[in-house]
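Right, one structure below, let's go through it.
The values are calculated or read from the model by the stated rules, or taken from the named source; none is laboratory data. This one's a predicted model, so the numbers in the text were calculated from it and none came from an experiment. Please note: Cβ atoms are built from the backbone with ideal geometry, for glycine as well, and neighbour counts cover all protein chains shown.
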Amino acid sequence: GAWRPDEDDQQRGASGPVRVRVPAKINLHLGVGPLRADGYHELNTVYHAISIHDELTARRGDTLTLTMEGEGAGELALDDSNLVLRAARALAEHTGHPAYARLHLRKQIPLAGGLAGGSADAAATLVACDTLWGTGLSRDELATIAARIGSDVPFLVHGGTALGTGRGEAVSPVLVRPTSWHWVVAIADGGLSTPEAYRELDRLRDAGDAPEPIGSADGLLAALRQRDPAVLAAALGNDLQTAALSMRPGLAATLRAGEAAGALAGIVSGSGPTCVFLTKDADDAERVAGELTAARVCRLARPAHGPVAGARVC
Ligand code: C5P
C-alpha cells in the first residue's frame, strides 16, 4: 500500500540513527549448472554466513545520501550503480515511502572478493531503511525485494546456513543442530569480477578444460549433519574455483599454504579471489591465520566463525 503522510509521521519509524550489522557469506558448496536464457546460471549452493561484518547506519534526511569508510573507500562508486542506493530506492518504491535517508557504511568485507560484500550492504540497507521508515515489512517480504537487487541478497537478509537454488535467490534454511565452524579467511590484493568468473567457467567447460560439475548439494548437507570438521572439509566444493584459478593462478599457492599450515581444507570463496580454510577449532584458526599472513600469500588472513545471523539492527 502507498505510504501516506499524517500526524503520526513523527511516531512512525525511528527518530534516532538505525545501525545494522550484516555478515559476509561463503559457499560451502557452489554447484554451477548451465547458462540460462536470462544470462544467469542455474545454481545448487549452500550459503554460510561468517563473522566478518559490514555496518550500515541510517539517519533521517531530506534526500538520499551515502558516505562510507573502511574497505574499498575511495574505490567503490557512490552513484546510482551502488547496491546500497539501489536497495533504498527499491524499498521506497515497494512501500511508497519517500527514499529519504542519510546512509553511512563502514566496510570490513572486501570489494569484489567473492564474499558478497555488495549484496550484504544491500541487505543491510533494506533492514535499516525498513526500521528507519517504520514500513514494517517481514523478512520474507524484504527477501523478495532483495532478489531484484542481486542473487545473493536474499540470503544475507536471512543469514545462517541455507540452501540456494534458481540463480541463488531462492533460499531455504538448512536445519541442523547448532554447530560452530571455524574458518580462516585469506583476503587477496584486488578483486575478481563475478560475471567474468562465470564467463571463464563457461569457456573452460566448452573447451573441455573444466572438471565435472559438482552438481547437487546432498553430500554437503549430509556432511553438515555429522558435525565433524574433517567430514565437512572433505565435502566442500566450488565449481567456480577452476575459473578463479585460471584468472588468478597465484591463488593455488594460497590454497597450498593454508593446507600446509594445517587447515583441514581450503577453497576459493564464491567467484574469488578470497580463499577460505576450514580448521578444527578456534585456536587452530588463529594459528593458521598467523601462518598465512607470515607466508605473504594474501593481503590479510583473519579467523572467522559461522554460521552467524543475517542483517540485523544492533
Ligand atoms: O545476481 P547478481 O547481479 O549478483 O549477479 C552478478 C552476475 O553474476 C550476473 O550478471 C551474472 O553474470 C553472474 N551470475 C550468474 N549466475 C548466477 C548468479 C550470477 O551467471 N546464478
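Is it the case, given these coordinates, that residue 80 is within 30 Å of residue 202 (Cβ to Cβ), within 16 Å of the ligand (Cβ to nearest atom), charged (D, E, K, R) and modelled with pLDDT under 95? Yes; evaluated as a whole, the condition is true for this residue. For region 109-137, the candidate set comprises residues that are free of Cβ contacts under 8 Å to residues at least 60 places away in the same chain and not small (Gly, Ala, Ser); within that set, the residue that is farthest from residue 20 (Cα to Cα) is 137. Between 270, 266, 258, the distinction of being at positive phi, under 23 Å from the mean Cα position of the chain (by Cα) and crowded, with 21+ Cβ neighbours inside 10 Å belongs to 270 only.
The set of residues in region 146-192 being of a type in the set (Asp, Glu) and in contact with a Pro (Cβ under 8 Å, 6 or more places away or on another chain) consists of 169 alone. The number of residues in region 248-268 being more than 14 Å from residue 233 (Cα to Cα) and in contact with a Leu (Cβ under 8 Å, 6 or more places away or on another chain) comes to 6. Here residue 252 passes the criteria (1) in contact (Cβ under 8 Å) with a residue 12 or more places away in the chain; (2) surrounded by fewer than 22 Cβ atoms within 10 Å (Cβ to Cβ); (3) under 24 Å from residue 290 (Cβ atoms) except the one numbered (1). Among the residues of region 259-314, those that are of a type in the set (Val, Ile, Thr) and within 23 Å of residue 55 (Cα to Cα) comprise 274, 276, 308, 313.
Considering only residues of region 167-195 that are in contact (Cβ under 8 Å) with a residue 60 or more places away in the chain and loosely packed, with under 15 Cβ neighbours inside 10 Å, which is nearest to the ligand (Cβ to nearest atom)? Restricting to residues being in contact (Cβ under 8 Å) with a residue 60 or more places away in the chain and loosely packed, with under 15 Cβ neighbours inside 10 Å, the top hit is 193.
Within region 126-145, being within 15 Å of the ligand (Cβ to nearest atom) and among the polar types (S, T, N, Q) holds for one residue alone: 144.
Against the definition (outside any loop (DSSP other than H, G, I, E, B), more than 16 Å from the ligand (Cβ to nearest atom) and small (Gly, Ala, Ser)), how does residue 257 come out, yes or no? The answer is yes for residue 257. Looking only at region 37-69, residues that are within 16 Å of the ligand (Cβ to nearest atom), surrounded by 14 or more Cβ atoms within 10 Å (Cβ to Cβ) and part of a loop (DSSP other than H, G, I, E, B) come to 1 in all. Being loosely packed, with under 14 Cβ neighbours inside 10 Å and of a type outside the set (Phe, Trp, Tyr) is a property that residue 230 has.
Looking across 296, 287, one residue alone is more than 20 Å from residue 223 (Cα to Cα), surrounded by 15 or more Cβ atoms within 10 Å (Cβ to Cβ) and basic (Lys, Arg). It is 287.
Can you spot a residue in region 146-157 that is within 12 Å of the ligand (Cβ to nearest atom), of a type outside the set (A, V, I, L, M), touching a strand residue (DSSP E or B) at 6+ places or on another chain (Cβ under 6 Å) and in contact (Cβ under 8 Å) with a residue 60 or more places away in the chain? Among the residues of region 146-157, at least one is within 12 Å of the ligand (Cβ to nearest atom), of a type outside the set (A, V, I, L, M), touching a strand residue (DSSP E or B) at 6+ places or on another chain (Cβ under 6 Å) and in contact (Cβ under 8 Å) with a residue 60 or more places away in the chain, which makes the answer yes.
In this structure, residue 202 qualifies as surrounded by fewer than 19 Cβ atoms within 10 Å (Cβ to Cβ) and not in a loop (DSSP other than H, G, I, E, B). Of everything listed in (1) surrounded by 14 or more Cβ atoms within 10 Å (Cβ to Cβ); (2) more than 16 Å from the ligand (Cβ to nearest atom); (3) not hydroxyl-bearing (Ser, Thr, Tyr), the single unmet condition for residue 214 is (2).
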